[in-house]
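Have a look at the structure below before the remarks.
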Amino acid sequence: MIKSAIVAAAMLVSTSAFAQTCATPIHIQSNNANGLYAAPGATTCGADNTFPVFPGGISSPQPDIVYDFTAQGADATITLDASGSPLIGGLAILDACNDTANIYGNASATAAGQSISVSASGLTDGSHYYLVVTSAPGSADDNCGAFAGNITGTLPVNLQKFDVE
């Protein structure tokens with residue numbers, strides 16, 4: 001089990017596959033201790049709007065990409081980098097994949113192309129969580145764009161690349 005190693009995982013999303021919803025999230029699981037570093041190219045464009053409303057009544061008409069993981073010693077920072085993209089990014093960590101879930105961390109960009117980060121610490125070991133990549137509340141309904149992401153620290157026991165294929 002990796003406790004204090006720095007592990008990074010990039011979020012790779014094929015522009016032709018968009019079934020990353022609550023029913024079919026992208027699972028974050030195991031990898032080697034060196035982590036994975038992959039080229040940017042993930043996009044929310046063409047994805048489903050899994051969360052028309054986030055917990056707390058936050059309207060979110062934009063497309064979403066849903067990841068999931070089981071916490072194990074979670075003490076990580078998840079970063080979404082939308083440099084050069086029209087995406088006004090949003091991130092949320094939820095304990096369920098619905099509009100009544102508890103939010104365990106969230107972040108929103110204030111302009112297109114910004115990087116944002118959310119902390120994944122204090123999560124219950126063995127519990128299942130969802131990481132949602134979307135657009136910031138208040139951005140245009142059709143706001144979407146490319147992003148790169150990485151996780152620094154420990155999220156689950158080990159990490160595997162994020163992939164949407």
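Below is a table of values for the structure above.
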| read-out | value |
| --- | --- |
| Sole residue being touching a Leu at 6+ places or on another chain (Cβ under 9 Å) and surrounded by fewer than 19 Cβ atoms within 10 Å (Cβ to Cβ), chosen from 89, 57, 73 | 73 |
| The stretch 72-89 residues that are on the phi > 0 side of the Ramachandran plot, paired with ones that are crowded, with 19+ Cβ neighbours inside 10 Å and among the hydroxyl-bearing types (Ser, Thr, Tyr) (beta carbon under 9 Å, 6 or more apart) | 73/154 |
| Any hit, the stretch 88-95, residues being assigned to a loop (DSSP other than H, G, I, E, B), modelled with pLDDT under 95 and more than 16 Å from residue 25 (Cα to Cα) | no |
| Enumeration of residues in the stretch 118-154 that are β-branched (Val, Ile, Thr) and more than 20 Å from residue 63 (Cα to Cα) | 124, 151, 152, 154 |
| Tabulated pairs, the stretch 119-144, first in contact (Cβ under 8 Å) with a residue 60 or more places away in the chain, second in a loop (DSSP other than H, G, I, E, B) and among the charged types (D, E, K, R), C-beta under 8 angstrom, 6+ apart or interchain | 128/95; 129/95; 130/95; 132/64; 133/64; 134/64 |
| In the stretch 68-85, residue nearest to residue 119 (Cα to Cα) [restricted to those that are modelled with pLDDT of 85 or more and part of a loop (DSSP other than H, G, I, E, B)] | 71 |
| Selection status of residue 47, surrounded by fewer than 16 Cβ atoms within 10 Å (Cβ to Cβ), closer than 20 Å to residue 23 by Cβ, modelled with pLDDT of 90 or more and small (Gly, Ala, Ser) | no |
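The values are calculated or read from the model by the stated rules, or taken from the named source; none is laboratory data. In this text, all values refer to a predicted model and were calculated from it rather than measured experimentally. As a convention, Cβ positions derive from the backbone with ideal geometry for all residues, glycine included, and neighbour counts pool all protein chains shown.
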